[in-house]
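The values are calculated or read from the model by the stated rules, or taken from the named source; none is laboratory data. Only a predicted model underlies this, so the values are computations on that prediction, with no experimental measurement involved. Quick reminder, even Gly has a Cβ in these numbers, built from the backbone with ideal geometry, and neighbours come from all protein chains shown.
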Amino acid sequence: MLPPTTASSPPNQPKKDLIGSVQRALLILELLARQPAGLNAKQVSQQLGINLSTCYHLLNTLIASGYVAKDPDTLLFRLSGKVGYTILGQPSPAQLVQHLTPHLQALQETTHETAYLSLWDGEEITLSAIIESPRSVRVKSLVIGYSEGNHAMALGKAILAHLDQEQMTRYLADRELPAFTPNTLTELTALITHLQELRQQSYAMDLEEYLPDVHCIGAPIFDAQGLITASIAISLPATRHNASGETLCRKVIQAGQAATRTLHILGYVGAANSRRGDG
């Protein structure tokens, strides 16, 4: 006679020790991961077959835990970066670029100029995304990964102006300040004074400081702790800037502010600032 065996549950039969609400919450995360633009609660409810009231409770719980964010403008729910942070231990540059690219795209579309995004990692300011305009000047030296000339570009100055004293001193220590044009600030004291003045503004500019006949307007982007983590900018011919500079400047500032709001909603802490907090 064979010994008695313990019957196992059929594959499709729910196990009694599983928590249904956790399973539903995970399904919501998986769904939102496939919809980066976001969904409203009704759409989530319909696509997953979850009661609408229950769906709201689950979404609110995920928001309170930091895994889902609700856009105050569109009222759509989408993933925050926290799932990735949990896996990686800290936010990655790729995650930050992904979250900020819609603002870069919007800036290019509203200004019709080439738009740029630079990231600050605590050591370098690196050009990390470009969306070109067919009518704009092509700055051939500006390519993804470029980290030179930040003292001469609005992209770099928008970040440098908002570093604390220790960060700025460390960044500028023993760093060459080459002259790209006759307008480039190459004397350290003059540059620091200029950056301190920019700190009181919500934007930075370079007027033919990096390239002759090219102007650039940049704005800072702050993380959820209010610390500098990136910058956004446009470049254009000097003649076009002189004709509509005030309007363009306002649009760049608005893009920086919108990007900052996104990082606040996501609870995003920049890589440089998360390391500093650990120390």
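Tabulated data for the structure shown
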read-out: Which numbered condition THR169 misses (of (1) in contact with a Phe, Trp or Tyr (Cβ under 8 Å, 6 or more places away or on another chain); (2) loosely packed, with under 13 Cβ neighbours inside 10 Å); value: (1)
read-out: Only listed residue being out of contact with any Leu (no Cβ under 9 Å at 6 or more places or on another chain) and under 23 Å from SER141 (Cα atoms), chosen from THR186, THR239; value: THR239
read-out: Near pairs, Cβ below 6 angstrom, 6+ apart or cross-chain, from the range 226-248 (outside the structural domain of ALA271 (by TED's automatic domain parsing)) to any residue that is among the β-branched types (Val, Ile, Thr) and buried (at least 22 other Cβ atoms within 10 Å of the Cβ); value: none
read-out: Only listed residue being among the acidic types (Asp, Glu) and in contact with a strand residue (DSSP E or B) (Cβ under 8 Å, 6 or more places away or on another chain), chosen from GLU187, GLU132; value: GLU132
read-out: Unique residue being closer than 30 Å to PRO93 by Cβ, modelled with pLDDT of 85 or more, surrounded by 15 or more Cβ atoms within 10 Å (Cβ to Cβ) and not assigned by TED's automatic domain parsing to the domain that holds TYR268 when the list is LEU75, LEU59; value: LEU59
read-out: Selected residue (only one of PRO212, PRO220, PRO178, PRO237 is touching an Asp or Glu at 6+ places or on another chain (Cβ under 7 Å) and within 24 Å of ILE144 (Cβ to Cβ)); value: PRO237
read-out: Where a residue in the range 94-107 is touching a residue at least 60 places away in the same chain (Cβ under 8 Å) and closer than 15 Å to GLY218 by Cα and its partner, wherever it lies, is basic (Lys, Arg) and surrounded by 14 or more Cβ atoms within 10 Å (Cβ to Cβ), with Cβ under 9 Å and at least six apart; value: LEU107/LYS251
read-out: Boolean, LEU163 is in a loop (DSSP other than H, G, I, E, B) and either crowded, with 17+ Cβ neighbours inside 10 Å or modelled with pLDDT of 90 or more (or both); value: yes
read-out: Candidate set from the range 243-269 (those that are out of contact with any strand residue (DSSP E or B) (no Cβ under 8 Å at 6 or more places or on another chain) and more than 30 Å from ARG78 (Cβ to Cβ)); member that is modelled with the highest pLDDT; value: THR247
read-out: Residue among GLY149, GLY145 that alone is touching a strand residue (DSSP E or B) at 6+ places or on another chain (Cβ under 9 Å), on the phi > 0 side of the Ramachandran plot and at pLDDT 90 or above; value: GLY145
read-out: Qualifying residues in the range 182-224 (those that are of a type in the set (S, T, N, Q) and surrounded by fewer than 17 Cβ atoms within 10 Å (Cβ to Cβ)) - the one farthest from GLY270 (Cα to Cα); value: ASN183
read-out: Flag if LEU127 is in the same structural domain as VAL269 (by TED's automatic domain parsing), at pLDDT below 85 and within 22 Å of ALA271 (Cβ to Cβ); value: no
